[in-house]
Each structure stands twice: as structure tokens, then as C-alpha cells.
2 protein chains.
Amino acid sequence: MASDTPHRIVEATANLFQRNGYTGTGLKQISADSGVPFGSLYHFFPGGKEALATETLRWSGRGYATRVAAVLAEGPRDDLAATVRHAFDRAAEDLVATDYVDACPIATVALEVASSNDTLREVTAEIFGEWLQGLDAWLVAGGVPEDQARALSTLFLAALEGGFLLSRAARDPAPLHALGEQVAAQVAAALPTEPR
Amino acid sequence: MASDTPHRIVEATANLFQRNGYTGTGLKQISADSGVPFGSLYHFFPGGKEALATETLRWSGRGYATRVAAVLAEGPRDDLAATVRHAFDRAAEDLVATDYVDACPIATVALEVASSNDTLREVTAEIFGEWLQGLDAWLVAGGVPEDQARALSTLFLAALEGGFLLSRAARDPAPLHALGEQVAAQVAAALPTEPR
């Protein structure tokens, strides 16, 4: 069971980051939520809270990429725009189902550290960069010209993040649904027209 | 000078929120940055940090709405899409000029409090709601059909917020510039075609 301990710590930290952010999450709370004694946190993460945050953000980032890829795979293979709408609708449904907690696991911390912790800022930049690469590849595989992929993946990710912000503040899924329609329209416009 | 004191406190708090967020901002730091003795903070804001945060968010929200309205007024009157691009380009330039600090004054706090402080969450929701109403009116005045205004104002605001997130994390203005093009294209598509 000892080998599961670092994972328990990271999982508890990820949940606390999502609710309370980086600054609002203390090691005592992480110890309480993970059931790992306070002193043991430093055994597993000698670099302290910043090292634990780095590991937590990377783990959360990989997990979220996997979830988004699974949602995109549920969409109709031959209709990229419909799949975009599906992804935003699912994000909205998950948000409502979790009482507006289950949004991006990186964004809150990314804004908190952007001007105050350059080590963690770089970690968040790497994660967003990997997500954009994954979305680029998905768009190109679906027929979007390579030179338009990055603009559209940026729109997809920014609209999702901005949508989480607006939907969580208002406790209303409407912004995410509307954004799915808008992003889908831009993706549809980038697809080559059918050969005649 | 005494009448300026609450304003000095709010201004210092707004600057600290933008860099360090709500949880990362302490009353001692607010006292130091504003030059107002710690005890006097409670004299002017008997409700403590939450009351001060409410006033600061509202003040920052009004200020940001005024700034965005001024930037939109700089654009060509007869070209809504070009004005959208201009607004995103200006946001990107301001971000670079301020070493990636000068972004939305509400977003960081909004994500921090979304699941942890319902009073402040409602304040952020009101501010976003007012911004969306202002953008709705601007879009309709520019020729966008009323029934399409809210979807486009939501796209404008979400893309700006998501763009700030991605540009600040990567310390790169490119996401905001790309998003300006994408939002402009959606706005252009909503405008009625010229009468023939």
C-alpha cells in the first residue's frame, strides 16, 4: 500500500486545487484529506508544496487530456462541428452534475501563479501547450487544413476555459452551450467544401 | 485627504488581487501597499476582507468596462469585425507592456471563489453579467441581430478571458491575436449582408 501513498497525496491535492486554488490549499488540509501524516508529505515530496503542485498539475493535466480525448471520440467521426458541440455540451452537463466544481483542473492555479511563481507558471504553460498540440492533431485528422489548426485549437481551449469561468460564476450552463455552437461554426467554416 | 482613504485601500487591493488573487492577498499587505494603518482598514470596511473584496471587485469591474468601451470606440464605426480584432490586439499589447500582469481584474478571484465563497461568487457573476449586457448593446448598435447578440458577446468575453489565461501562462501574445481573428470572423458572419 505504501506505493499508493504519493498518488493519494496528489489526488487529494488535485481536488483541493480545483475547489480552493493553490494559495488556498495548505499542507495540513492535504494531509487530512489524503490521510497521510503531515511529516510524510515531505518524505514523498522533499521540495514541499511547490514540488507537490508541479506533480499534481502534470497528473491533472494528463487526466484531463484523456477525458477530453474520450469525449471527442464519442462524437460522429464524419462531423467535426457536431463533435465540438458535443464536447461543450458534455462539459456543461458535468459542471451542473458536480455543483459547478468539475471544470479545468489547471486554470485557477494558472491565473494565481501567472505573475507570482515562475516555476509553476511554466508547468501550466507546458500543460496548455500539450493540450493545444492534441487538439491540433485532432482537427487536422478531421480535415482542418494544418495552417488553420492552431487558431481553431486556441479558440476551442480559450472558449472552454472562458466558458467554465462564466458558467461557474453564474451557476448557469448556458454560456458553455452557446460557446459550443460558436466554436463549432468556426470549425465548420475551416473545413474544405465537399468535392463536386 | 481622509475621504481618499477608502479609494486608496480599494486601489491597492485591486492591484494585489490582479497579481496574487484573493486568497494570496492579506490585509497586512493591503495596509502596507495603501499606506493605511491596519486598524483603519476595519474602520473603513467593518465587514473585513470580504466586504473590501466586494467593493474592490465592483470598482475594478466598472473600470474595466470603461476601458473596454474606450477601446471599442477607437475602432472603425462601420466595421465591427475590425473593431473586435483591434480590441484583442490592444489587450495583447497591454499584456506585454505590463509584463503579463494587466489582464482581467475579476477572473482570478472569480475562479478562486466559485466553489468556496458564494457571496463573492455572486459579485463576480453580476460583473460578468453587466459586461455581457454592455457588449450585447454594442453589437446590436453595430448591426448584429438581437437574437444573436448574447451568443457573440459570450464568445467575445470567453475568448478574451481564455486568451488572457493562455497568453499569461505562455508569456506570449499570440493566443490573444489569434482569438481576435476568430471572434471577428464570427461577428462578421452574424451581420446582415449588404442590401443589393
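Restricting to segment A:1-37, name every residue that is touching a helix residue (DSSP H, G or I) at 6+ places or on another chain (Cβ under 9 Å), of a type in the set (A, V, I, L, M) and free of Cβ contacts under 8 Å to residues at least 12 places away in the same chain.
Once the filter is applied, which keeps residues that are touching a helix residue (DSSP H, G or I) at 6+ places or on another chain (Cβ under 9 Å), of a type in the set (A, V, I, L, M) and free of Cβ contacts under 8 Å to residues at least 12 places away in the same chain, segment A:1-37 yields only A:Ala32.
Among the residues of segment B:130-144, is there at least one that is crowded, with 20+ Cβ neighbours inside 10 Å, part of a helix (DSSP H, G or I) and of a type in the set (Gly, Ala, Ser)?
So far as segment B:130-144 goes, no, none of its residues is crowded, with 20+ Cβ neighbours inside 10 Å, part of a helix (DSSP H, G or I) and of a type in the set (Gly, Ala, Ser).
Output the residue which, of all residues in segment B:163-184 that are over 15 Å from the mean Cα position of the chain (by Cα), facing another protein chain (nearest Cβ under 7 Å) and in contact (Cβ under 8 Å) with a residue 60 or more places away in the chain, is nearest to A:Asp136 (Cα to Cα).
Across segment B:163-184, the extreme among qualifying residues is B:Leu179.
Kindly establish whether A:Arg67 is closer than 22 Å to A:Val101 by Cα, within 20 Å of the chain's Cα centre (by Cα) and modelled with pLDDT under 95.
no
Take segment A:139-162 and flag every residue that is more than 8 Å from chain B (Cβ to nearest Cβ) and not small (Gly, Ala, Ser).
A:Leu139, A:Val140, A:Val144, A:Pro145, A:Glu146, A:Asp147, A:Gln148, A:Phe156 - these are the residues of segment A:139-162 that are more than 8 Å from chain B (Cβ to nearest Cβ) and not small (Gly, Ala, Ser).
Would you confirm whether or not segment B:92-103 contains a residue that is within 7 Å of chain A (Cβ to nearest Cβ), crowded, with 19+ Cβ neighbours inside 10 Å and under 25 Å from A:Ile127 (Cα atoms)?
yes
Going by the conditions given, is A:Ala110 surrounded by 23 or more Cβ atoms within 10 Å (Cβ to Cβ) and either small (Gly, Ala, Ser) or facing chain B (nearest Cβ under 10 Å) (or both)?
It is true that A:Ala110 is surrounded by 23 or more Cβ atoms within 10 Å (Cβ to Cβ) and either small (Gly, Ala, Ser) or facing chain B (nearest Cβ under 10 Å) (or both).
Quick one: A:Phe164 ticks every box in (1) out of contact with any helix residue (DSSP H, G or I) (no Cβ under 6 Å at 6 or more places or on another chain); (2) buried (at least 16 other Cβ atoms within 10 Å of the Cβ); (3) within 21 Å of B:Val101 (Cα to Cα) except a single one, so which number is it?
Answer for A:Phe164: the failing condition is (3).
Go through segment A:145-178 and give me each residue that's among the basic types (Lys, Arg) and in a helix (DSSP H, G or I).
Residues satisfying the conditions are A:Arg150, A:Arg168.
Kindly indicate the residue of segment A:15-43 that is away from chain B (no Cβ under 14 Å) and among the hydrophobic types (A, V, I, L, M, F, W, C) and also surrounded by the most Cβ atoms within 10 Å (Cβ to Cβ) among those meeting that condition.
Among residues in segment A:15-43 that are away from chain B (no Cβ under 14 Å) and among the hydrophobic types (A, V, I, L, M, F, W, C), the one surrounded by the most Cβ atoms within 10 Å (Cβ to Cβ) is A:Ile30.
The values are calculated or read from the model by the stated rules, or taken from the named source; none is laboratory data. Note that the coordinates shown come from a computational prediction; the quantities given were computed from them, not determined experimentally. With ideal geometry, Cβ positions are generated from the backbone for all residues, glycine too; neighbour counts draw on all protein chains shown.
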